[in-house]
Each structure stands twice: as C-alpha cells, then as structure tokens.
Amino acid sequence: MTNKYMYFIANWKMFGDIKSINSLDKVIKFSKNIRNNKFKMIYCPPHTLLYPFIKKLKNTNIMVGSQNCHHEENYGPYTGSISAKMIKNIGAKYVIIGHSENRSSGDTDFLINKKIKAAINNGLKVIFCFGETLLQKKKNLTNKILFNQVKKAISGVKKLNYIFFAYEPVWSIGTGIVLKNNDLEKNINFIKNKLRIKFRIKEPKILYGGSVNPVNAKNLRKINNIDGFLVGGASQDPKKFIDIVKKSFI
Ligand code: PGA
C-alpha cells in the first residue's frame, strides 16, 4: 500500500436479487467493529440494487458504486442505459468504467474516455479497468497495451486524482489464475511510474483485479505497491469478502 487507504471493491456483475441486501449485515457489522480505519469498502451491485444498497449502507463507512454508465453525461434517449448524473443523484460515489466484459461488448477506448469525463463531470470517482489478453501477453505486448489503454482513457481528463486504476489481466478474470507476484509487481510498477512521470499524478492509486480470493489474498499482500483489490466472484459471499480484507490487510 502506498496510499493512505487500502480499497476493497466488490464487483457483483449480473448477480444478486432483492434478498442479497441482507448479506450486507455481516459486512456492516465487520466494518463497525474493526478499529483499523485505513481501508475502504465499496460495493458495486447491479443497477437494480444500487438504490437499496445505498439506503442499507447509509450511516456506515461502506460506499456504493455503479458497474458502468453511459457516455452521455446527463439524460437522453438511450434505452436501457443509465447516466453518471442519475448515479450521482441517488447517492452513489463511484462507477466502474472500461471493464473487459464491457469492452468485449462494445466499449471502445474512445467511449471509455467519454464515460470517464461524464463521470468526473458529475462528481463521481472512477474505477477504471485495463488489462491485456492472454494473446497479447504471449506476444510480449503487455506494457504497450497497458500504456495505450491508460493513455487513451485519460486523454483530456482534468481531475486525474478521481481515477482508481484497476489492473485486471483479462486472462485472470474469473479463471482462478493470478499472475506471479513478480510479474504483477513489475506491471504495476510500470504503470504507476508512467502515471507519476508522464501524467504527473502525484499518488496514483492502483488496484489489482482477477480471481482474488481469501486464499491468494495472503500472498498478494506481499506486493507492497498495490492500493487495493477489485473482487468479482468472491465478493458476493460476505464471509469471503471480509476474509479478503482481513488476510490482505489487517
Ligand atoms: P473475478 O472478477 O474476481 O471473479 O475474477 C474480477 C472482475 O471482473 O472485476
């Protein structure tokens, strides 16, 4: 951890129903009982659960974010979409942008850049996802891909300190495979240095995502340049999510 806080972000993807709200009780209790306040938990449920989560987590230190937003920042005739303005209006503070699952269904670098601007213009913090595919890794293109994705995403963005950079190798998402610590540390250092030197971000926040679970969290904590984790599958189980926080941080 090189920043003030360690961040634990739960990405529920297209999972969860109205009863899932009860699973937050355990997490609320955990966050209230713990004395160490150097970590932050952020829940990103599907859109249908955003508002119920915000109500449930009111008066706790757990925050809520959306999993995506439209590139038009206010309102418009876009069936099935929600805007950053709407997300902000209901009390969410974050939005995930550029997840590989959305890139593969049409989010281009250009759209991702527009979405980031729309989010920041509405006062939302952005959890920006980037990462190489297995083929790109095999071709030794990782650094080039990471740099390009980041550069295009933040082009013309003013408040760069509103962005959390979530490094998620595509081949690691949902597969149970995590990079070797050395490689992960190397890739994170590479992008962190670029953010510091080329884009002049004083204290860039870099998260790792991809098959994080309570077992590998213990090992991942050895990498000291990570500022937190973006957790998919394991975050739907409150016990596992709490365990990840405990094992990787406390
Ligand atoms: P996973 O997902 O933890 O299930 O691999 C991570 C993500 O997609 O953000």
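Computed from the coordinates by the stated procedures, all read-outs in this text should not be read as laboratory data. Predicted, not measured: the structure shown is a model, and the values here were computed from it. For neighbour counting, all protein chains shown are included, and Cβ atoms are generated from backbone atoms with ideal geometry for every residue, glycine included.
Here are a few things to note about the model shown:
- Computed from point charges on the beta carbon alone (+1 for Lys and Arg, -1 for Asp and Glu), the dipole magnitude for the chain about its Cα centre is near 900 Debye.
- Potential lengthening between VAL215 and LYS4 on full extension [0.36 nm per residue; Cα-Cα distance subtracted]: 73.5 nm
- Theoretical FRET efficiency, 1/(1+(r/R0)^6), r = Cβ-Cβ of LYS29 and TYR162, R0 22 Å, to 0.05: 0.15
- DSSP beta bridges fully contained in the chain are about 0 percent antiparallel.
- Fluctuation leader among GLY123, GLY232, GLY106 - the chain, Gaussian network, Cα springs under 10 angstrom: GLY106
- Using C-alpha pairs below 8 Å separated by at least 6 residues, the relative contact order for the stretch 125-221 is 33 percent.
- Subset of LYS117/LYS159; LYS32/LYS239; LYS56/LYS239; LYS192/LYS218 violating a 20 Å alpha-carbon distance limit: LYS192/LYS218
- Here r is the Cβ-Cβ distance between LYS152 and SER104 and R0 is 25 Å; the resulting FRET efficiency, rounded to 0.05, is 0.90.
- Radius 10 Å from Cβ of PHE164, net charge of other residues (Lys, Arg +1; Asp, Glu -1): +1
- Net charge over other residues, Cβ less than 14 angstrom from the Cβ of LYS180 (K, R count +1; D, E count -1): +1
- Cross-link pairs beyond the 22 Å C-alpha cut-off, checked among LYS58/LYS114; LYS38/LYS58; LYS58/LYS93: LYS58/LYS114
- Set of aspartates and glutamates with alpha-carbon distance to LYS13 below 18 Å, sequence-local pairs under 8 removed: GLU101, ASP107, GLU168, ASP237
- Kirkwood-type hydrodynamic radius, the stretch 6-248: 18.1 Å, calculated from all non-identical alpha-carbon pairs.
- Here is how the number arises for the chain: DSSP H runs of 4 or more residues each give -39500 (n - 2.57), the sum is divided by the residue count, and the result at 222 nm is -10500 deg cm²/dmol.
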